[in-house]
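The values are calculated or read from the model by the stated rules, or taken from the named source; none is laboratory data. All of these numbers come straight from a predicted model, not from anything done at the bench. FYI the Cβ positions are ideal-geometry reconstructions off the backbone, even for glycines, and counts take in every protein chain you see.
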Amino acid sequence: MSQKYNATVVQKILVRPNLMILRVATDEPRASFAAGQYTTLGLYGYEPRSENSEAEAIPSKPDKLIQRAYSIASARHETQQFEFYISQVKTGQLTPRLFHLEVGDRLFVGRRIVGAFNLSDAPKDKDVVMIATGTGITPYISFLRSHIMERPESKMVVVQAAAHQGDLGYFSELSFLNNAFPNFHYIPTLTDADELWPGYRMWIEEMLESGVLGKEAGVECNPAETHFYLCGNPIMVENVSKWLIEHGYQKKTRKTAGTLFVEEF
Ligand SMILES: Cc1cc2nc3c(=O)[nH]c(=O)nc-3n(C[C@H](O)[C@H](O)[C@H](O)COP(=O)(O)OP(=O)(O)OC[C@H]3O[C@@H](n4cnc5c(N)ncnc54)[C@H](O)[C@@H]3O)c2cc1C
């Protein structure tokens, strides 16, 4: 029944009960990919679900391979071990089964790595602002692991929004980069922080409106100088896109040029 499985779990880190980093080794290497791209993960419907999940909203068929898209967090040269950052949808078909996996378990990883959410669209002398909620941080981790050394002339900013500090995935890695690279700035913001949080407590649109990017990173919201990337929750993407478009940005599509790049999960 598990004939399509072609990869093995090598590491599982539960960041929160519904948030995990999953590293998998594929039996065969994949072709090289661009930072920010995604592939598919799959498990059969007969696989058990995690203990903290709920009944499926739409029941899956036991003998069907359930496949979904996941962005790759790894650097682009890692073509046989891949890191994913996954949020459990408790009533979902695939994620509760992914959360039940343990080291050594088998699963399916797509042979193709695809997607057009690429840092190479932003010239190396232009500044880049990467905005994320939730697991939308994943392609930026790949961007930074792959390219931070190659862009010394570019200011690079990650704005990460979450409810609580524990929801800020990759906080340690991003804080380290913030200290190690003078051109990299990490600006986390929490909407439901406790009193110990020393950082921002604003919505992303408020941060843009009140000039936080200029103050913290010396970056302008000007399409001639700064390219924006948005990834994550569709409501955040819609609201921040609206603000940027009102401030002169144009969304990049397959057919049109632009300095606003969007990936919705
Ligand atoms: C290009 C791309 C990249 C992606 N990368 C990632 C990634 O890096 N990490 C990640 O965790 N997910 C990522 N996703 C989302 C992922 O593909 C699945 O949609 C998600 O994991 C839910 O799968 P599921 O089978 O458990 O739920 P499903 O059974 O597919 O969904 C059940 C219902 O849950 C709701 N739902 C779906 N997704 C979510 C969600 N994210 N949060 C809350 N409710 C939801 C919807 O109403 C849906 O009808 C990505 C999606 C795309 C298109």
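Take the conditions (1) farther than 16 Å from Asn6 by Cα; (2) without any contact (Cβ under 8 Å) to a residue 60 or more places away in the chain; Gln67 misses just one of them, which is (1).
State yes or no: is Pro17 more than 28 Å from Ser146 (Cβ to Cβ), of a type outside the set (Val, Ile, Thr), away from the ligand (no atom under 13 Å from the Cβ) and in contact with a helix residue (DSSP H, G or I) (Cβ under 8 Å, 6 or more places away or on another chain)? No, not satisfied. For Phe261, indicate whether it is touching a His at 6+ places or on another chain (Cβ under 9 Å) and either of a type in the set (Phe, Trp, Tyr) or at pLDDT below 95 (or both). The answer is yes for Phe261. Screening the candidates Glu220, Glu205 for the property of being assigned to a loop (DSSP other than H, G, I, E, B), assigned by TED's automatic domain parsing to the domain that holds Leu260 and of a type in the set (D, E, K, R) yields one hit, Glu220. Criterion applied to Ser50, Ser60 was being touching a residue at least 12 places away in the same chain (Cβ under 8 Å), in contact with a His (Cβ under 7 Å, 6 or more places away or on another chain) and surrounded by 16 or more Cβ atoms within 10 Å (Cβ to Cβ), and the one residue passing it is Ser50.
Here's the yes/no breakdown for (1) polar (S, T, N, Q); (2) within 17 Å of Thr39 (Cα to Cα); (3) crowded, with 16+ Cβ neighbours inside 10 Å:
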site: Ala69; (1), (2), (3): no, yes, no
site: Ile72; (1), (2), (3): no, yes, yes
site: Phe82; (1), (2), (3): no, yes, yes
site: Tyr85; (1), (2), (3): no, yes, yes
site: Leu98; (1), (2), (3): no, yes, yes
site: Gly104; (1), (2), (3): no, no, no
site: Gly110; (1), (2), (3): no, yes, yes
site: Ile113; (1), (2), (3): no, yes, yes
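Return a yes/no flag: does segment 199-208 have any residue that is surrounded by 16 or more Cβ atoms within 10 Å (Cβ to Cβ), closer than 15 Å to Met130 by Cβ and modelled with pLDDT under 95. No, segment 199-208 contains no residue that is surrounded by 16 or more Cβ atoms within 10 Å (Cβ to Cβ), closer than 15 Å to Met130 by Cβ and modelled with pLDDT under 95.
Taking the conditions (1) part of a helix (DSSP H, G or I); (2) free of Cβ contacts under 8 Å to residues at least 60 places away in the same chain; (3) in contact with a strand residue (DSSP E or B) (Cβ under 6 Å, 6 or more places away or on another chain) in turn, Leu144 satisfies each one other than (3). Condition check: crowded, with 22+ Cβ neighbours inside 10 Å and not assigned by TED's automatic domain parsing to the domain that holds Asp27. Does Thr138 satisfy that? Here the answer is yes, as Thr138 does meet what is asked. If I ask for residues that are within 12 Å of the ligand (Cβ to nearest atom), touching a Ser or Thr at 6+ places or on another chain (Cβ under 8 Å), in contact (Cβ under 8 Å) with a residue 40 or more places away in the chain and farther than 20 Å from Leu168 by Cβ, which ones from segment 75-94 would you list? Across segment 75-94, the qualifying residues are Phe82, Lys90, Gln93.
Just one residue in the set Glu195, Glu238, Glu264 is of a type in the set (Asp, Glu) and either touching a Ser or Thr at 6+ places or on another chain (Cβ under 9 Å) or within 27 Å of Asp125 (Cα to Cα) (or both); that residue is Glu264.
With the structure loaded, tell me whether Arg97 is among the charged types (D, E, K, R), at pLDDT 95 or above, more than 7 Å from the ligand (Cβ to nearest atom) and touching a strand residue (DSSP E or B) at 6+ places or on another chain (Cβ under 8 Å) or whether it fails that test. When the stated conditions are applied, Arg97 passes them. Considering only segment 20-31, I want to know if a residue exists there that is more than 14 Å from the chain's Cα centre (by Cα), in a strand (DSSP E or B) and under 23 Å from Gly232 (Cβ atoms). Yes, there is a match, as at least one residue in segment 20-31 is more than 14 Å from the chain's Cα centre (by Cα), in a strand (DSSP E or B) and under 23 Å from Gly232 (Cβ atoms).
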